[in-house]
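Structure, as structure tokens:
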Amino acid sequence: MPAELISGTKVAEEIREELKVKVAELKKKGITPGLVMVRVGEDPASVSYVSGKTKASEEIGIHSETIVFPEQTTEQELLHKVEQLNKDPKFHGILVQLPLPKHIDADKVLNLINPQKDVDGFHPINVGKLLIGEPYFMPCTPHGVQELLVRSGNSPEGKHVVICGRSNIVGKPVMAILIQKKKGANATVTMVHTGTKNMAEVVRQADIVIAAMGSPKAITADMVREGAVVIDVGVNRVADATKKSGFRLVGDTDFDTIKEKAKAITPVPGGVGPMTITMLMQNTVRAAEMQAKSH
Ligand code: GUN
């Protein structure tokens, strides 16, 4: 039987409706959640992500602004801007879109963001709090993966989850979230990466596969157990002359063959992508609520 499709678009819509209610309540108290995004250069994927976040903000009632710097901006200029934004009460959340140009030390920039405004959850304080099970902001894509699993009736509790890929923005934080002794987590987690010798064999043992290695169609049907749940975090642009844009998006899994074998799978696009943006909206609303309390 073909796999059930886990629609990130649908789950994201459900969460956005919940957020609209929260934003309306905040506005009654005179607070409009504010998000500022900083983009450096014109990387097409970054332009597209930031515009998606702007649209989502508008839909939910969050005030958003985007500051665009040219590619040759210096690290100093960017650091100065972050300092200003840290102090600006209009913005409850600050997001610096990655990747940054090579001449800028991204860690230095991310580490300067006030952890209480770090809606991406990338600051080392927030990474540490997540690992010890006291999250302040959960990073958006990993939290989106958890919400997708739980809200689609595939809770990871007690399941064997195999995470493919050990990046700081997806693989490692997904692990930190799913190993906690908490509702919607409490999974047995294995991680495979480029240093793993018998990757296919390990992935075949998974009840839930999370593909986040950034490699088009790297997870193939022979690596997936019959009846497994597959979450595809990959967003890879591959050339396609039949498309107006000249490319199409494919995930890290071979969707067409895996869907004949898996219990459930997320599509690309329309899976994890809309969830990432929605969890950013949730973090921004939460930032506004918490900053209102501390004033
Ligand atoms: N680039 C790719 N994913 C992300 C993300 O989640 N946040 C930021 N800031 N940049 C990204």
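Derivation of every value follows stated rules applied to the coordinates shown; laboratory data play no part. Note that the structure is predicted; figures quoted are calculated from it, not measured. Because the Cβ atoms are built from the backbone with ideal geometry, glycine has one as well, and the counts that use them run over all protein chains shown.
Computed quantities for the displayed model
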{"quantity": "Surrounding net charge for ILE265, when Lys and Arg each add one and Asp and Glu each subtract one, Cβ distance under 14 Å", "calculated": "-3"}
{"quantity": "Amide H contacts under 5 Å for LYS261, placed H, 5+ residues apart", "calculated": "ALA3"}
{"quantity": "Principal-axis tilt of helix 44-60 within the chain, Cα atoms, nearest 10 degrees", "calculated": "70"}
{"quantity": "Extended-chain gain in nm, criterion 0.36 nm per residue less alpha-carbon gap, GLU260 and THR194", "calculated": "21.1 nm"}
{"quantity": "Placed amide H near VAL38: partners under 5 Å, 5+ positions off or other chain", "calculated": "ILE67, LEU95, VAL96, GLN97"}
{"quantity": "Inter-label distance, nm, simple model (7 Å from Cα along the C-beta direction), ASN114/SER167", "calculated": "2.9"}
{"quantity": "Sequence-separation-based contact order of the chain, relative, with Cα cut under 8 Å and 6+ spacing, percent", "calculated": "22"}
{"quantity": "Under Karplus coefficients 6.51, -1.76 and 1.60, residue-wise ³J(HN,Hα) of region 3-9 in Hz, glycine/proline x", "calculated": "5, 6, 8, 8, 8, x, 4"}
{"quantity": "Around ALA176: net Lys/Arg minus Asp/Glu count, Cβ-Cβ under 13 Å", "calculated": "+4"}
{"quantity": "Gain in span if fully extended, ALA221 to ASN86, counting 0.36 nm per residue against the direct Cα distance", "calculated": "43.9 nm"}
{"quantity": "Straight-distance crosslink candidates among lysines, where the alpha carbon sits under 25 Å from LYS261 and sequence neighbours closer than 8 are dropped", "calculated": "LYS10, LYS159, LYS197, LYS217"}
{"quantity": "Cα gyration tensor shape of region 231-295, rounded if a/c is under 1.5, else prolate or oblate by comparing a/b with b/c", "calculated": "oblate"}
